[in-house]
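Presented below is the structure to which this report refers.
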Amino acid sequence: SFTDDEVVELTELFYASTGGHGVEVMRFLEALDAAIAEKSTSGGGEMSEDEKISPLVEEGKFKTHPLGIGTCASEYMFSKTHGKYTPEQLEIELTHVPPVTTLDKGALFAVKCFRFGFDQATGWNRGSMTPEKILNRAIFLETVAAIPGMVAAIIRHFRSLRNMTRDGGMLNMFLEEANNERMHLLTFIRLKDPGMIFRAAVIGAQGVFATGFGLAYVASPAFCHRFVGYIEEEAVLTYTKIIKAIEEAEEGSELAQWKAHPAPKIAKGYWHLGENGTVLDVMKAVRADEAEHRDVNHAVSGVPDDTVNPLYDPRERLDSMLAKYVRDIMEREQQEKGDKKATSTSTTAL
């Protein structure tokens with residue numbers, strides 16, 4: 001069965017695919033057959049109103065989606081939310097993408113230099129891990145981490161306007177990424193209010209990093225996304241160490257209190273942590289966010305400008321929902337047959 005949000009999304013996708021027109025029954029059945037067989041979605045293109053359904057071609061795939069949906073819906077539809085993680089999704093694996101090209105090696109070298117310098121300047125590896133040290137690091141880095149997504153979105157936005165072309169929905173994804181990092185910051189500052197010197201350092205860091213990253217993105221988006229991918233690898237590693245330190249903290253210590261300390265209200269609402277959500281739960285959710293940013297930025301490094309958002313391809317999303325619809329019908333029919341058989345057996349026994 002579909003949730004209310006899925007019903008609304010399916011309605012929007014269906015409307016986008018048909019351009020507001022009705023759909024012939026045979027075309028709809030063709031789409032259901034293709035979706036359940038996982039043979040469509042990747043052909044691309046859009047069907048005109050008078051175009052006939054294309055036969056299965058190119059290794060069993062449609063040239064166009066049977067319902068006519070193309071990539072235009074990705075320009076305005078993006079349903080990703082960083083809330084409602086399942087326990088399985090919070091179990092994050094530490095991964096690393098080996099550098100292949102000179103560009104990759106340069107990005108990794110830059111990240112390692114940045115990490116080493118920041119660790120030395122803040123004393124991250126000296127002494128024991130404390131809530132104060134964790135929050136200082138997390139708050140400062142999150143004020144910078146929200147910059148790349150916004151810069152990428154702005155530059156892609158202006159390029160789309162300048163060239164009068166579609167973006168593939170990528171700028172929506174990067175805007176959401178930037179806002180997600182900002183939500184990390186807004187959560188952490190509920191646990192610690194930075195002083196004036198700290199805030200002055202943030203202003204300086206933002207000015208330097210935003211200018212440098214913006215110029216670099218204009219020159220090479222591929223380098224910048226690879227750079228962010230490696231930065232996020234380090235972020236996942238850092239939050240993994242923080243989570244382990246909290247879980248293994250000695251009872252009665254400040255750090256151990258985070259296992260039961262209530263999460264800020266804004267965090268409970270954003271990640272759907274429930275009324276009993278803790279600071280430890282927040283750290284796990286933030287790590288899951290960073291892991292997604294890691295994988296996305298590595299995935300989009302070097303892809304063509306017209307690539308469709310890898311997190312939300314309307315064709316794939318529509319097909320997955322159609323396939324779910326068919327499976328629900330089949331399961332319901334099987335259940336009804338089982339109920340009828342059980343009723344018949346019971347009647348016979350009487």
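Readers should treat all values here as calculations from the given coordinates under stated rules, not as data from a laboratory. Just so you know, these numbers come straight off a predicted model, no measurement behind them. Every residue, glycine among them, receives a Cβ derived from its backbone with ideal geometry; neighbour counts consider all protein chains shown.
Computed quantities for the displayed model
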{"item": "Global form of region 222-280, assessed from the alpha-carbon gyration tensor, a/c cut-off 1.5", "result": "oblate"}
{"item": "Of 84/284; 84/259; 105/244; 112/268; 84/112; 192/284, those spanning more than 23 Å from alpha-carbon to alpha-carbon", "result": "105/244; 112/268; 84/112"}
{"item": "Helix-derived mean residue ellipticity, 222 nm - over the chain, DSSP H n ≥ 4, -39500 (n - 2.57), to 500", "result": "-21000 deg cm²/dmol"}
{"item": "Amide hydrogen neighbours beyond the local backbone of residue 278, cut-off 5 Å, H modeled", "result": "263"}
{"item": "The chain: most fluctuating residue of 225, 293, 21 per GNM, C-alpha cutoff 10 Å", "result": "21"}
{"item": "Max mean-square fluctuation residue, GNM over the chain, Cα-Cα springs under 10 Å, options 233, 12, 88", "result": "88"}
{"item": "Sites residue 336 and residue 12, calculated FRET efficiency, Cβ-Cβ separation with R0 41 Å, nearest 0.05", "result": "0.85"}
{"item": "Protection-proxy order for peptides 159-165, 283-289, each taking the mean of Cβ atoms within 10 Å per residue, highest first", "result": "283-289, 159-165"}
{"item": "Contour excess over end-to-end distance, with Cα ends at residue 126 and residue 265 and 0.36 nm allotted per residue", "result": "46.8 nm"}
{"item": "Dipole of the chain, positive end: most advanced residue of 121, 189, 21 [Cβ charges, Cα centre]", "result": "121"}
{"item": "In nm, spacing of pseudo-spin labels at residue 241 and residue 28 (7 Å Cα→C-beta vector)", "result": "5.7"}
{"item": "Karplus 3J(HN,Hα) series, Hz, for region 170-184 with 6.51 cos²θ - 1.76 cosθ + 1.60 (x for Gly, Pro)", "result": "5, 5, 4, 5, 6, 4, 5, 5, 4, 5, 4, 5, 5, 5, 4"}
{"item": "Positive-pole candidate from 100, 31, 274, dipole of the chain, charges at beta carbon", "result": "100"}
{"item": "Segments 331-343, 171-183 sorted - mean Cβ within 10 Å per residue, highest first", "result": "171-183, 331-343"}
{"item": "The chain: C-alpha pair distances exceeding 38 Å, %", "result": "31"}
